[in-house]
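Engineer: Would you mind keeping the following structure in view while I ask a few things?
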Amino acid sequence: MDSKSKKALTIAVAGALTLSLAACGSNNNNNSGASADASAPASSPAGPASSNSGEKVTLTFQNIYVDPNTPTYKTAHQIVEAYEKEHPNIHIEFDSLNTDQQKQKLKVQANSKEIPDITMVNPAAQMKPFVDADLFVPLNDMLDQNGLKDTYQSGLLDYYSFDGNVYALPDGNNIEVVYYNKDLFAQAGISAPPATFEELLADVKALKDKGIIPMAIGEKDTWTGSFIFMNIVLRTYGPGFLSDVAAGKTTFEDPAFIEAVDRFQDLIQAGAFEEGATAVDADSGRNLFTTGKAAMYMLGSWETGSIDASSVGPSVAAFQFPTVNGKGDINQFMLAPGTGYAIAANSKHIQEAKDFLNYYCLNFPKAQFDNKNAVGLPQKVDGDMKAAGYSDLAISVMDLFGKVNGGDIAFDNTMNPAVAQAHLTSLQNLFVQKVDSAQVAKEHQTAYEANKDQ
């Protein structure tokens, strides 16, 4: 296992240290995670005087929490409401967009150097261009306030750091799983989740025969298809494919990559996804599953809270992505360090933004726990999930964290943006037409060679 896989493994396993470690330093009195009121986050010690100076300040908080029915939306708004009560001179203005919309808007804002006071950005390769352009401020000093740094899982902040400086703070640390509706499986005569890719294809056929969408996706947001595809690569090649490409140990024309393209196209051609998937965004894809129209939904464990809160929640369980042609370890997962909160270097209120973000992140894990959204937290928090009334689904997904023995992070968090965009476009095209898999591999390699030094 290469060093990147080892680091990813350390982070993923840290997420499974069940919610038993101290949460938010001295600022959250979390003796029982289930007992405190999430609507009233613990106050953090006062920061520098600028936040309480009386000067009226508005901070724009660009975020990806658009659905009021999701727990993270509720958490964000609860914490902001509490902060504004404690700091009446500070107003937090939400700018909420779905993931792809926010990415595109941030790129436009970056070009004009008009990034909002607080924004969100994906880790590693996706962050690097913003950091290289000096668009974000380092957060090291803010992390040292009120013990915030010690709340994060060991090693996780490395994905948001460059040259010894931390430039963003994650909202999660997740693994990808396949959620499935047990009632819809039963209607199709399926008694257990698939353990092999061949069984998965057979289940797709059985579900289609009953008029049920086998698997919901939101491929208008192209990263969703990539996330599924890279699970197949993880099975056919094993961990570290992209790092091996970058190191010159292999290329995108590796037989394991071509095999993965073949199997992904098998899934599409079998009718696994809804009609017109490329016109469906990620939120609408989720809704197909949470309203009982689709039998499976494959995405990060961050979706657990939203699924639990939906009408199908009691009927949902989760399974690991199966083996492919007998290859792969089902306990190797696609790993997803969360989108991170960053502060714009062009902000006129950097200190106020730091004070707010410190408060927000100190209170985030406790509020998420109380909102039944503790699966995939980036921080440690006290609390007994069973005693707090968490569902069997949430507890079982949390248990999967304990089985992780390796994996990879997403394509667009590994390769530079130009190569990642070529990849996403190439995969999205497969939903429209079948393409020779060797040609798809060649397209990837050509894009990599043309852009690898950017």
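The values are calculated or read from the model by the stated rules, or taken from the named source; none is laboratory data. What you see is a predicted model; the values in this text were computed from it and never measured. Neighbour counts run over all protein chains shown; Cβ positions are idealised from the backbone, glycine included. With ligands, DNA and RNA removed, areas are computed over all heavy atoms of the protein, side chains included. Shrake-Rupley method; radii C 1.70, N 1.55, O 1.52, S 1.80 Å.
Engineer: Being surrounded by fewer than 21 Cβ atoms within 10 Å (Cβ to Cβ), within 18 Å of L299 (Cβ to Cβ) and either hydrophobic (A, V, I, L, M, F, W, C) or at pLDDT below 95 (or both) is the filter here; which residues of the range 425-446 pass it?
Structural biologist: Hit for the range 425-446 is F431, nothing else.
Engineer: Still on this model: Could you tell me which numbered condition L106 fails, if it satisfies all but one of (1) open to solvent by less than 20 Å² (accessible area, probe 1.4 Å); (2) touching a residue at least 60 places away in the same chain (Cβ under 8 Å); (3) touching a Ser or Thr at 6+ places or on another chain (Cβ under 7 Å)?
Structural biologist: Every listed condition holds for L106 apart from (2).
Engineer: Moving on to the next point. Of the residues in the range 206-255, how many are of a type outside the set (S, T, Y), over 24 Å from the mean Cα position of the chain (by Cα) and farther than 19 Å from L184 by Cβ?
Structural biologist: Count: 7.
Engineer: For the range 60-81, give me each residue that is more than 22 Å from K366 (Cβ to Cβ) and in a strand (DSSP E or B).
Structural biologist: T60, Q62
Engineer: Also: Can you tell me which condition Q332 does not meet? The list is (1) open to solvent by less than 20 Å² (accessible area, probe 1.4 Å); (2) under 23 Å from the mean Cα position of the chain (by Cα), and all the others hold.
Structural biologist: Every listed condition holds for Q332 apart from (1).
Engineer: Tell me which residues, restricted to the range 284-320, are open to solvent by 20 Å² or more (accessible area, probe 1.4 Å) and charged (D, E, K, R).
Structural biologist: Result: R286, K293, D308.
Engineer: Give the residues of the range 256-275 that are outside any loop (DSSP other than H, G, I, E, B) and of a type in the set (D, E), sorted by residue number.
Structural biologist: Selection gives E259, D262, D266.
Engineer: From the list V381, V404, which residue is in the same structural domain as A318 (by TED's automatic domain parsing), part of a loop (DSSP other than H, G, I, E, B) and under 26 Å from L148 (Cβ atoms)?
Structural biologist: The conditions single out V404.
Here is a yes/no grid of residues against (1) closer than 22 Å to D100 by Cβ; (2) of a type outside the set (S, T, N, Q); (3) modelled with pLDDT of 95 or more; (4) surrounded by fewer than 18 Cβ atoms within 10 Å (Cβ to Cβ):
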| position | (1), (2), (3), (4) |
| --- | --- |
| G248 | no, yes, yes, yes |
| T251 | no, no, yes, yes |
| F264 | yes, yes, yes, no |
| I268 | yes, yes, yes, no |
| E275 | yes, yes, yes, yes |
| A282 | yes, yes, no, no |
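Engineer: Would you point out which residue out of V375, V381 is farther than 14 Å from P71 by Cα, touching a helix residue (DSSP H, G or I) at 6+ places or on another chain (Cβ under 7 Å), in contact (Cβ under 8 Å) with a residue 24 or more places away in the chain and among the β-branched types (V, I, T)?
Structural biologist: When all the criteria are applied, what remains is V381.
Engineer: Name the residues in the range 147-198 that are surrounded by 19 or more Cβ atoms within 10 Å (Cβ to Cβ), in the same structural domain as N325 (by TED's automatic domain parsing) and without any contact (Cβ under 8 Å) to a residue 60 or more places away in the chain, would you?
Structural biologist: Matches in the range 147-198: I190 only.
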